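Engineer: Take a look at the following structure, please.
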Amino acid sequence: MTNLKLIQELTELDKKHFLHPTSPIEQQQEQGAAFIFTEGNGVHLHDLAGNTVIDGMSSLWNVNVGHGRKELGQAAMDQMSTLAFTSCFATFSNEPAIRLAEKLSHIAPGDLSATFFTSGGSEANDTAYKLARHYWILKGQENRKKIISRTKSYHGVAMGATSATGLKPFRDFTNSLAPDFCYVDHASSQSLREVIEAEGPETIAAFIAEPVQGAGGVHVAPVNYFKEVRAICDEYDILFITDEVITGFGRTGTYFGMEHYGAAPDMMCFAKGVTSGYVPLGGVMLSERIHQEFTELSKGTLLHGYTYSGHPTACAVAIRNLEIIEQEHLIANAKAMGEEMLNGFKWIQSEREIVGEVRGLGLMGGIEIVKNQHTQERFQAPLVPQIVAEAAKRGLICRSVVFDGQDTLVFAPPLVINKREMSQLIEILNDSIQAIEKGMM
Ligand code: PLP
């Protein structure tokens with residue numbers, strides 16, 4: 001079968017049988033899939049139509065070690081051919097899960113020391129909320145059930161995670177949410193204090209935050225924000241949970257995003273980069289204190305668990321993935337290439353009229369598109385979807401964020417990106433913005 005025939009066949013089948021996650025259904029039905037990928041190599045992806053593109057998003061902020069790593073395939077095969085799966089319910093265990101939990105306790109911020117495994121970030125978030133609430137039940141404070149999160153936050157799409165997500169369109173997608181969630185301004189610790197006071201501190205279980213907000217448009221918190229937040233949580237006896245699903249495992253130029261802020265969480269959600277997306281895995285870590293209290297106060301069974309909690313193959317791949325991150329010094333590379341990326345954005349800002357604020361931390365970056373660089377006035381309709389489409393045509397995948405009236409391009413290339421590839425990314429991006437800018441002038 002020629003490629004063209006195969007593309008036609010798969011396009012029809014895709015339209016008919018495949019309901020895509022977080023995708024414009026109308027576009028799928030009219031144009032078919034944007035890409036049908038066949039292969040990946042480092043920062044590059046190849047598709048059935050013969051295109052090669054730079055994966056400027058590490059797919060979904062997760063392919064940290066880059067595509068096509070045979071070592072991870074080997075780790076999965078070795079584990080699958082000895083013990084692919086066994087349950088961790090009823091205290092059953094397996095070596096990869098134990099070893100990974102131990103490894104995480106060494107690399108995670110503060111004194112996070114025990115891990116509950118999930119299959120991804122949404123499950124990790126729902127687990128964190130349930131464990132936080134259960135903690136307060138154990139402590140005899142059953143009224144502490146509210147979870148506070150931030151505007152512009154994204155925590156996933158399970159019912160709890162959707163309810164915690166500050167980006168309203170995700171909550172409005174459904175007409176009934178989980179109760180006992182409330183929201184604070186994303187950049188103001190004062191707002192956290194005000195909401196705690198208004199809701200009643202004795203009703204709050206936990207506050208959750210991403211160290212750098214990703215899907216909400218790459219918003220880097222003010223330097224002292226998390227130290228202030230930590231102090232407020234301590235003052236009101238509220239658990240502080242960090243969502244490191246994107247920022248974990250080197251993405252921001254440190255192992256975890258919270259290292260930039262010097263504030264230790266009571267719990268931490270992770271996923272994505274733990275396996276670089278090669279197999280699904282996530283989890284929640286508890287601080288030594290919380291873990292100890294859990295163990296001392298719990299009488300019955302911990303009635304929360306996923307079939308795939310502690311999946312041996314997923315954990316074996318994660319262990320190998322973390323070895324690669326360390327052996328290849330990918331965290332230092334993320335830091336260096338992150339600076340390169342931000343400098344590139346600044347250069348584009350000096351070249352292009354429609355580029356407003358540029359920002360980033362490590363290999364997470366955001367560019368605001370504006371009508372007027374001086375006043376930061378925006379275009380009436382967002383331009384970023386057009387720029388993303390233009391970039392894709394020219395060989396670069398990036399993402400648009402248009403929530404909350406934003407007109408923002410976001411980037412998160414793999415941690416293996418080198419200088420030459422970064423220059424290409426910047427060049428394609430500049431050309432793409434220029435092409436759209438021309439049409440506006
Ligand atoms: N938390 C954050 C910060 C995320 O960015 C995401 C996904 O992008 C999630 C949670 C949800 O993770 P998953 O899609 O693996 O359920």
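No lab work stands behind these numbers, since they all come straight from the coordinates. Fair warning: this is a prediction, and the values are worked out from it, not measured in the lab. Ideal geometry is used to build each Cβ from the backbone, glycine not excepted, and the neighbour counts take in all protein chains shown.
Engineer: Return the sequence-ordered ³J(HN,Hα) values of segment 281-297 in whole Hz as given by the Karplus equation 6.51 cos²θ - 1.76 cosθ + 1.60 applied to θ = phi - 60°, using x for Gly and Pro.
Structural biologist: 6, x, x, 10, 9, 10, 5, 4, 4, 5, 4, 5, 5, 4, 5, 6, 8
Engineer: Go through segment 359-417 and name the GluC sites (Glu not before Pro) that are in a DSSP coil and have 13 or fewer other Cβ atoms within 10 Å of their Cβ. Don't skip to the end; give the middle numbers.
Structural biologist: Details: sites: E368, E377, E390; in loops: E377.
Here the GluC sites (Glu not before Pro) that fit, given the DSSP loop and packing criteria, are E377.
Engineer: While we're here: I'd like the distance separating the alpha-carbon centroids of segment 1-35 and segment 66-99, in whole Å.
Structural biologist: 33 Å
Engineer: Sticking with this structure for a sec: Taking the mean number of other Cβ atoms within 10 Å as a proxy for protection, how do you rank 162-168, 149-155, 86-92, 18-24 from highest to lowest? Can you show the working numbers first?
Structural biologist: Details: 162-168: 23.0, 149-155: 25.4, 86-92: 12.0, 18-24: 9.9.
So the order, starting with the most tightly packed, is 149-155, 162-168, 86-92, 18-24.
Engineer: Could you sort the peptides 404-411, 105-112, 324-331 by per-residue average Cβ neighbour count (10 Å cutoff), highest mean leading?
Structural biologist: On the way: 404-411: 20.5, 105-112: 18.6, 324-331: 17.1.
Averaged packing, sorted descending, gives the order 404-411, 105-112, 324-331.
Engineer: For segment 1-136, what does the relative contact order come out to in percent, with C-alpha contacts under 8 Å and a separation of six or more? Write out the running numbers ahead of the final one.
Structural biologist: Numbers: 82 pairs, mean separation 15.3, N = 136.
With pairs under 8 Å counted, the relative contact order is 11 percent.
Engineer: So, in Å, what gap is there between the alpha-carbon centers of segment 272-303 and segment 358-389?
Structural biologist: About 38 Å separates the Cα centre of segment 272-303 from the one of segment 358-389.
Engineer: Quote the charge dipole size of the chain about the Cα centre in Debye, to the nearest 20; the model charges only the Cβ of Lys and Arg (+1) and of Asp and Glu (-1). Provide the component values of the computation, followed by the final result.
Structural biologist: Values: 37 positive and 52 negative charges, 77 e Å.
Value, rounded to 20: 360 debye.
Engineer: Let me ask something additional. For Cα pairs less than 8 Å apart in space and 6+ apart in sequence, what is the mean separation divided by the residue count of the chain, i.e. the relative contact order in percent? Write out the running numbers ahead of the final one.
Structural biologist: On the way: 882 pairs, mean separation 90.2, N = 441.
RCO, the chain: 20 percent.
Engineer: Starting from the Cα of R289, step 7 Å along the direction of its Cβ; do the same at I107; then give the gap between the two resulting points in nm.
Structural biologist: Output for this residue pair reads 2.6 nm.
Engineer: Among G156, Q74, F294, whose Cα sits farthest toward the positive end of the charge dipole of the chain (+1 at Cβ of Lys/Arg, -1 at Cβ of Asp/Glu, about the Cα centre)?
Structural biologist: Checked the options; the winner is Q74.
Engineer: Dipole size in debye (nearest 20) for segment 1-160 around its Cα centre, Lys and Arg Cβ +1, Asp and Glu Cβ -1? Mind showing how you got there, number by number?
Structural biologist: Working: 15 positive and 16 negative charges, 173 e Å.
Dipole size: approximately 840 debye.
Engineer: Using +1 at the C-beta of Lys and Arg and -1 at the C-beta of Asp and Glu, which of L396, V370, F345 has the Cα lying farthest in the positive direction of the dipole of segment 342-437?
Structural biologist: Comparing the listed Cα positions along the dipole, L396 ranks first.
Engineer: Taking segment 157-213, which GluC sites (Glu not before Pro) meet the DSSP loop condition and have no more than 12 other C-beta atoms within 10 Å? List each step's numbers first, then the result.
Structural biologist: Values: sites: E194, E197, E199, E202; in loops: none.
Answer in residue order: no site qualifies.
Engineer: Provide the gained length on full extension for the span K227 to T2, in nm with one decimal, where the gain is 0.36 nm per separating residue minus the Cα-Cα distance.
Structural biologist: Working: separation 225, 0.36 × 225 = 81.00 nm, distance 5.88 nm.
75.1 nm is the gain from fully extending K227 to T2.
Engineer: I've got another one for you. Ranked highest first by the average count of other Cβ atoms within 10 Å around their residues, in what order do 270-280, 55-65 fall?
Structural biologist: Top of the packing list down: 270-280, 55-65.
Engineer: Still on this structure: Which value at 222 nm does the chain reach when only helices count, each DSSP H run of 4 or more adding -39,500 (n - 2.57), with the total divided by all residues and rounded to the nearest 500 deg cm²/dmol?
Structural biologist: Values: 15 runs with 186 residues, N = 441.
Using -39500 (n - 2.57) per qualifying helix, the result is -13000 deg cm²/dmol.
Engineer: Give the residue from N64, F85, G120 lying farthest towards the positive end of the charge dipole for the chain; charges sit on Cβ (+1 for Lys and Arg, -1 for Asp and Glu) and the dipole is referred to the Cα centre.
Structural biologist: F85
Engineer: Expected output is a single nm value to one decimal: the length gained when fully extending between S423 and E235, i.e. 0.36 nm times separation in residues minus the C-alpha distance. What is it? List each step's numbers first, then the result.
Structural biologist: Values: separation 188, 0.36 × 188 = 67.68 nm, distance 4.71 nm.
Result: 63.0 nm gained on full extension.
Engineer: Here's a follow-up. In nm, give the distance between the simple-model label positions of A187 and E351, each being 7 Å from the Cα along the Cα-to-Cβ direction.
Structural biologist: 2.7 nm
Engineer: According to a simple spin-label model (label point 7 Å from Cα along Cα-to-Cβ), what is the distance in nm between Q27 and E323?
Structural biologist: 4.0 nm
Engineer: According to the square roots a ≥ b ≥ c of the eigenvalues of the Cα gyration tensor, what is the shape class of segment 385-441, taking rounded for a/c under 1.5, prolate for a/b larger than b/c otherwise, and oblate for the remainder? All intermediate terms of the calculation are to be shown ahead of the outcome.
Structural biologist: On the way: a/c = 2.49, a/b = 1.35, b/c = 1.85.
Oblate shape, in that a/c is at least 1.5 and b/c is the bigger or equal ratio.
Engineer: To continue, here is another question. How far is helix 384-394 tilted, in degrees, relative to the longest principal axis of the Cα atoms in the chain, given as a value from 0 to 90 rounded to the nearest 10?
Structural biologist: That helix lies at roughly 60 degrees to the long axis.
Engineer: What percent does the relative contact order of segment 140-271 come to when contacts are Cα pairs within less than 8 Å and at least six residues apart? Mind dumping the intermediate values first?
Structural biologist: Working: 234 pairs, mean separation 30.3, N = 132.
Relative contact order of segment 140-271: 23 percent.
Engineer: Tilt of helix 225-236 relative to the longest C-alpha principal axis of the chain, in degrees (0 to 90, nearest 10)?
Structural biologist: With rounding to tens, the tilt is 20 degrees.
Engineer: Also, I was wondering about something else. For the chain, take the longest principal axis of its alpha carbons; what is the angle in degrees between that and the long axis of helix 95-107, to the nearest 10 within 0 to 90?
Structural biologist: Its long axis makes an angle of about 80 degrees.
Engineer: On to the next question. Over 32 Å between Cα atoms, which of K227/K299; K146/K335; K16/K146; K16/K272 qualify? Don't jump to the answer; show the numbers that get you there.
Structural biologist: Working: K227/K299 34 Å; K146/K335 36 Å; K16/K146 42 Å; K16/K272 29 Å.
Among K227/K299; K146/K335; K16/K146; K16/K272, the Cα-Cα distance tops 32 Å for K227/K299; K146/K335; K16/K146.
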